[in-house]
1. Select from segment 26-45 the residues that are of a type in the set (Ser, Thr, Tyr) and surrounded by 11 or more Cβ atoms within 10 Å (Cβ to Cβ) and write down the one among them that is nearest to Val6 (Cα to Cα).
2. Do we have any residue at all in segment 58-75 that's of a type outside the set (D, E, K, R), surrounded by 11 or more Cβ atoms within 10 Å (Cβ to Cβ), under 14 Å from the mean Cα position of the chain (by Cα) and in a helix (DSSP H, G or I)?
3. State all residues of segment 10-51 that are touching a Gly at 6+ places or on another chain (Cβ under 9 Å) and of a type outside the set (A, V, I, L, M, F, W, C); if no residue qualifies, say none.
4. Of (1) outside any helix (DSSP H, G or I); (2) modelled with pLDDT of 85 or more, Val17 satisfies all except one. Which?
5. What single numbered condition from (1) over 19 Å from Val6 (Cα atoms); (2) surrounded by 10 or more Cβ atoms within 10 Å (Cβ to Cβ) fails to hold for Leu48?
6. Within the set of pairs 6 or more residues apart or between chains, which connect a residue that is touching a residue at least 12 places away in the same chain (Cβ under 8 Å) inside segment 58-70 to a residue that is outside any helix (DSSP H, G or I) and not acidic (Asp, Glu) with Cβ atoms less than 9 Å apart?
Amino acid sequence: MAIFLVEMFGWASNWTVRLVLIQLDVTAVTEWFALSYFGFVMQLTLSLNGPILYALSGEYRTAFRAVLRIGKTSQPTTPLFVKKK
């Protein structure tokens with residue numbers, strides 16, 4: 001549900017900007033620039049799926065940690081010292 005709401009906010013912001021620009025009767029170039037800038041808001045909301053799933057789902061959190069190797073190391077590490085000559 002959280003992903004749906006975040007994505008709908010992104011799309012709704014894009015639709016709102018589009019409707020306002022139509023009412024203001026701006027030039028095509030101005031409309032393109034405005035939609036390009038406000039399109040970043042929509043892209044940001046679409047890119048939040050991973051962090052939302054990580055924050056709200058234990059199964060996804062476990063999967064993210066396994067794939068991205070976050071947390072404990074799977075093998076113990078030993079320090080490496082290099083002797084100078």
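1. So the residue we want is Thr45.
2. Checked against the condition, which is being of a type outside the set (D, E, K, R), surrounded by 11 or more Cβ atoms within 10 Å (Cβ to Cβ), under 14 Å from the mean Cα position of the chain (by Cα) and in a helix (DSSP H, G or I), segment 58-75 yields no hits at all.
3. Answer for segment 10-51, where residues must be touching a Gly at 6+ places or on another chain (Cβ under 9 Å) and of a type outside the set (A, V, I, L, M, F, W, C): Asn14, Gln43, Thr45.
4. Condition not satisfied by Val17: (1).
5. That leaves (1) as the condition not met.
6. If the second residue must be outside any helix (DSSP H, G or I) and not acidic (Asp, Glu), the pairs left are Phe64/Ile70.
The values are calculated or read from the model by the stated rules, or taken from the named source; none is laboratory data. Everything quoted here is computed from the prediction, not taken from an experiment. Note that each Cβ is placed from the backbone with ideal geometry, even for glycine, and that neighbours are counted across all protein chains shown.
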